[in-house]
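Okay, structure first, notes after.
A short reminder: the numbers here are calculations on the coordinates, not readings from a lab. If you're wondering where the values come from, they're calculated on a predicted model, not measured in any experiment. All Cβ positions, even for glycine, are placed from backbone atoms using ideal geometry, and neighbour counts span all protein chains on display.
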Amino acid sequence: MSWFKKDPLQIITFQSYGTDSHFYARGRALEDESIDLEDQHIWHLIVNTWKRFETDEIKHVGLDVKLPNNKILKVTTDENGYFIAEDIIGNLRDLN
């Protein structure tokens, strides 16, 4: 049994772009801080405020980005948990 519980993984994706053949997506991997918006006690409000500003990055971890056509792009997060998925894929418009 561990004294400290690890938070679940949270993947945040940023607005990205592509062309008919160029796929580009960015995101960040963080530990999910599980902010409870229901509990309005002062202590919980203070803790939730802290959780919004403090992040725990998931550094140097491999992720799979799965596209609608089941193609998987392998990416790795950097020192701050950011990743970029980029590839040349034909007929991207067909994946909508």
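Structure values in brief
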| item | result |
| --- | --- |
| Segment E57-I42, length gained on full extension (0.36 nm per residue, minus Cα span) | 2.7 nm |
| Separation of the N80 and R26 label points, Cα + 7 Å toward Cβ, nm | 0.9 nm |
| Contour minus Cα-Cα distance for D87 and L9 (0.36 nm per residue) | 25.6 nm |
